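A.B. asks: Quick one: the structure is below, questions incoming.
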Amino acid sequence: MGAMRTLLFDHAAVGRTAVLLVNLGSPAAPTARAVRPYLRQFLSDPRVVEVPPLLWRPLLALILAVRPAKSAAKYATIWTEEGSPLLVHTRRQASLLRGWLGERGLDVEVAWAMRYGEPSISTALGELLARRVERLLVLPMYPQYSGTTTASVFDAVNTVLQGVRDVPEIRWVKHFHDHPAYIEALKARVLAHWQRHGRAVDEGGKLLMSFHGVPRRTLDRGDPYHCECHKTARLLAESLGLAPDQYVVSFQSRFGPTRWLQPYTGPLLAELARTGTRRVDVICPGFVADCLETLEEIAVEGRATFLAAGGRTLHYIEALNDAPRFIEALVQIVQRHVQGWPVARAERDQLEEDARRRAARARQMGAPA
């Protein structure tokens, strides 16, 4: 993490307000060489792997010797001309949010970063501070809070700011798993899919809501992630008018031999097929942008698992990405959390006038021009 450039105090500067969107991250390219440092950074985060370093380092070395090539092959199947889907969608989300906030008369900058890989949180914060941002809302793009994800973003931001002399005012969005506009955006995504393909539940099938898994011990130690996932699922099911037997919740991306949150998505898909379910529609509410875990793990591997066990059709319902209803949800979340900050354009005019007066008084007292 590079050192922050020191900015001298400027009496004439007008402090700005910014929102920083942060998602998980992606390697720079679908190659083993690019995946290896990305995985090393990810799997070296003590929030992600809660194993004593002396025990974990030799295991990590083994993983980094084998896994990058396998992961790179999977990334290659989803890579686009613009790059990683996760980065492409996050960049679009930030751009659209900036425009929508501007249309609401809010003078707020919007930046984006990745917790692992590039653009890094350090890089994004450095650019914001260079533009005299003194009020910052950090918005992790994880709807459901977990110490393994959201808290890791908070750690990274705080680590960067330890090297900053003039620290900005910080606010955090902890979660938005039950925000009405987020649930409405998910509902609209499902309904749009059903309008094109029909409803799995009308064919005796189910809507499967698959969330990213975490080790079971996180729940046992007080992490609310499991409960927030189930609340999101319940609210979405209720908004769609589904009966309890028409949807199911599962957890994907299990890694290692330890027990994770259950039921596991892959085995559940196989069990559904074996017990007579012929069609499953899958949505991943914990991922607000399509990525490896949705486009390859669910839409490719999950479908193969379901069909091999006797199922006929698995539809993957795309993530929220740049859907207008989701951008509206982000706008509402931001508006709630920046209350009390001078973000209206009229307020900025007053701030600029105050800055001119402040600079004039400072010069009278001998400050450099």
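All of the numbers you see were taken from the coordinates with simple rules; none came from a lab. Keep in mind that what you see is a predicted model, and the values were worked out from it rather than measured. All Cβ positions, even for glycine, are placed from backbone atoms using ideal geometry, and neighbour counts span all protein chains on display.
A.B. asks: Subtract the Cα-Cα distance of Arg92 and Thr77 from 0.36 nm times their separation in residues, and report this length gain in nm to one decimal.
C.D. replies: 3.3 nm
A.B. asks: Treat every Asp and Glu Cβ in the range 180-316 as -1 and every Lys and Arg Cβ as +1, leave all other atoms uncharged, and give the resulting dipole magnitude about the Cα centre to the nearest 20 debye. Kindly include the intermediate steps, with their values, before the conclusion.
C.D. replies: Values: 17 positive and 15 negative charges, 48 e Å.
Computed charge dipole of the range 180-316: roughly 240 debye.
A.B. asks: Specify whether the C-alpha gyration tensor of the range 85-225 places it in the rounded, prolate or oblate class, a ≥ b ≥ c being the square roots of the eigenvalues: rounded for a/c under 1.5, otherwise prolate if a/b is larger than b/c and oblate if not.
C.D. replies: Note, shape of the range 85-225 comes out oblate.
A.B. asks: In addition: Sorting Ser210, Ser84, Ser95 on the 10 Å Cβ count, fewest up front, what's the list?
C.D. replies: By the 10 Å Cβ count, ascending: Ser95, Ser84, Ser210.
A.B. asks: For the range 142-198, what are the per-bin percents of Cα-Cα distances with bins 10 Å wide, up to the bin holding the maximum?
C.D. replies: Final binned percentages: 19, 31, 26, 15, 7, 2.
A.B. asks: Could you derive backbone 3J(HN,Hα) for the range 107-115 from the dihedral phi with the Karplus parameters 6.51, -1.76 and 1.60 (θ = phi - 60°), listing whole Hz in sequence and x where the residue is Gly or Pro?
C.D. replies: Once θ is set to phi - 60°, the couplings for the range 107-115 become 9, 10, 7, 10, 10, 9, 8, 10, 5 Hz.
A.B. asks: Next question, about the same structure. By how many nm would the segment from Ala69 to Glu238 grow when fully extended, if each residue of separation counts as 0.36 nm and the alpha-carbon distance is taken off?
C.D. replies: Separation in residues times 0.36 nm, less the Cα-Cα distance, equals 56.6 nm.
A.B. asks: What FRET efficiency comes out for Arg361 versus Arg325 if R0 is 41 angstrom and r is the Cβ-Cβ distance? Round to the nearest 0.05.
C.D. replies: 0.30
A.B. asks: What does the charge dipole of the chain about its Cα centre add up to, to the nearest 20 debye, if the Cβ of each Lys and Arg holds +1 and the Cβ of each Asp and Glu holds -1?
C.D. replies: 580 debye
A.B. asks: Related question: Could you give the distance between the Cα centres of the range 139-158 and the range 268-326, to the whole Å?
C.D. replies: Each part reduced to its Cα centre gives a spacing of 25 Å.
A.B. asks: Per the Cauchy relation, a quarter of the hull surface: what is the mean projected area of the convex hull of the alpha carbons in the chain, in nm²?
C.D. replies: The orientation-averaged projected area of the Cα hull of the chain comes to 20.8 nm².
A.B. asks: Compute the Kirkwood hydrodynamic radius of the range 239-283, taking the inverse of the mean of 1/r over all pairs of distinct Cα atoms, and give it in Å to one decimal.
C.D. replies: 12.1 Å
A.B. asks: Same structure, new question: Among all the lysines, which ones have a C-alpha under 18 Å from Lys174's C-alpha, if same-chain residues fewer than 8 places away are not counted?
C.D. replies: By straight Cα distance, Lys174 reaches Lys231.
A.B. asks: When DSSP beta bridges are limited to those with both residues in the range 132-274, what percentage is antiparallel, rounded to the nearest 5? Write out the running numbers ahead of the final one.
C.D. replies: Values: 1 of 12 bridges.
Roughly 10 percent of the DSSP beta bridges within the range 132-274 come out antiparallel.
A.B. asks: Rounded, prolate or oblate: which fits the range 215-369 when a ≥ b ≥ c are the square roots of the eigenvalues of the alpha-carbon gyration tensor, with rounded for a/c under 1.5 and prolate only if a/b beats b/c?
C.D. replies: Because a/c hits 1.5 or more and a/b exceeds b/c, the range 215-369 counts as prolate.
A.B. asks: Hey, another quick one. Give me the distance in nm between label points sitting 7 Å out from Cα along the Cα-to-Cβ direction at Leu351 and Gln262, one decimal.
C.D. replies: 5.2 nm
A.B. asks: Suppose each label sits 7 Å from its Cα in the direction of the beta carbon; what would the Leu191-Gln339 distance come out to in nanometres?
C.D. replies: Reported label-point gap for Leu191 and Gln339 is 2.7 nm.
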